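Each remark here refers to the structure printed beneath this line.
The values are calculated or read from the model by the stated rules, or taken from the named source; none is laboratory data. Worth saying up front: this structure is predicted, and the values here are computed from it rather than measured. Every residue, glycine as well, gets a Cβ built from its backbone with ideal geometry; the counts of neighbours run over all protein chains shown. Calculation scope for accessible area: heavy atoms of the full protein, side chains included, ligands and nucleic acids excluded. Shrake-Rupley method; radii C 1.70, N 1.55, O 1.52, S 1.80 Å.
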Amino acid sequence: MVIAEVPKLASAAEYFFKMGVEGKRFRPTVLLLMATALNVPMHRSLSETAAATDTLPAELRSRQQCIAEITEMIHVASLLHDDVLDDADTRRGIGSLNFVMGNKLAVLAGDFLLSRACVALASLKNTEVVSLLAQAVEHLVTGETMQMTTTSDERLSMDYYMQKTYYKTASLISNSSKAIAVLAGQTSEVSMLAYEYGKNLGLAYQLIDDVLDFTGTSTSLGKGSLSDIRHGIITAPILFAMEEYPALRTVVDQGFDDYANVDMALDFLGKSQGLQKTRELAAKHASLASAAIDSFPENYDEDVQRSRRALVELTQRVINRTK
Ligand code: GRG
């Protein structure tokens, strides 16, 4: 799906799909588990499934797999464009595409992946699914723009931060999870539960990412890459710390071009409950995600149950991860 005609574009578009630099593939993993968690098993009611979805089970599975592929292509396209905007030089432990092949090819490779994703999406001939994924792309762009253009009040607002986090991180996985349910012919209630799972898992994931930016793999402060704060991006730990120490606001307002301000913010963060409260908020979203799975219609098929257990377990992995 990502092979282009022109050699330069081909190597650019394939860059992050090569072995070793393919990333965690977290989104497609969740989506394939969601597909199994929601599908009526073949041997139980083949005719009912076919009637409900107008699709034979094997064909349904391959259409859902297509959603997983499309989602990963959209994700990688957004990473390529993000690295151009941030002028990043590394990604997934290697040179970022903009660094290796230049901004122009990186932008074009992102556009190419996005257009291949559109072609694949159109081939599914389901307008609701097209809308869901198109909405997710719009949200990625909106979230990135929100982050880039904050006023000083927005920068200090937890609501603004959560909205931006939904757009940048949670929308793609929530809307694509819902698309999996829609393709399976599930009711709007069940499709909404799939959406709620993705949304809360995505929010928990990003909240922990924001903690790890300060702590890295250890639990001690300052061991992370500190990339957000160095770029002037204010995340949940600092926002919570500011509630306890309003004086931190002055430091944040001054910005972080001066490294002494980063140190000062870290001092405030260290004596505050900021990291702990962020972890707690992540845990709350993880348990909401888990509750959505538990509300799926009862099903005793072994594969369905195993996939549901895996989705629940993932919520715990997301909040307990150290990298
Ligand atoms: C071209 C669709 C498109 C969007 C352009 C630049 C932009 C608008 C949006 C940026 C969106 C962005 C980079 C959000 C961050 C999402 C995120 C949590 C990335 C990290 O995901 P992981 O940890 O990474 O799953 P791997 O490398 O494992 O895939």
Pair Ser227, Asp263: separation of 7 Å Cα→Cβ label points (nm): 2.5 nm
Within-15-Å neighbourhood charge of Ala260 [Cβ basis; K, R +1; D, E -1]: -4
Separation of the Asp89 and Tyr300 label points, Cα + 7 Å toward Cβ, nm: 6.2 nm
Prolate/oblate/rounded call for the chain, Cα gyration tensor, a/c under 1.5 rounded: oblate
Positive minus negative residues near Thr90 (Lys, Arg vs Asp, Glu; Cβ under 13 Å): -3
Angle in degrees between helix 127-148 and the longest Cα principal axis of the chain, rounded to the nearest 10: 10 degrees
Low-density loop cleavage sites - chymotrypsin sites (Phe, Trp or Tyr not before Pro) in segment 230-306, where at most 13 other Cβ are within 10 Å (DSSP): Tyr300
C-alpha long axis of helix 171-183 to longest principal axis of the chain, angle in °: 10 degrees
Paramagnetic label zone (point 7 Å from Cα along Cα-to-C-beta, Thr142; backbone N under 19 Å) in segment 167-204: 167-179, 192, 195-204
Loop GluC sites (Glu not before Pro), segment 288-322 (other Cβ atoms within 10 Å of the site Cβ: 11 or fewer; DSSP): Glu298
With Cα atoms, 0 to 90° folded angle of helix 302-320 axis to the chain main axis: 10 degrees
Surface share of carbon and sulfur [accessible, 1.4 angstrom probe, percent] for segment 189-323: 49 percent
Where segment 131-276 is the region considered: accessible area per residue in Å², 1.4 Å probe: 41 Å²
Spatial separation of Cα centroids for segment 265-323 and segment 176-248, in angstrom: 11 Å
MRE, 222 nm, helices only [DSSP H, n ≥ 4, -39500 (n - 2.57), over the chain, to nearest 500]: -23500 deg cm²/dmol
Candidates Gln135, Gln147, Gln254, ranked by Gaussian network fluctuation over the chain, Cα under 10 Å, top entry: Gln254
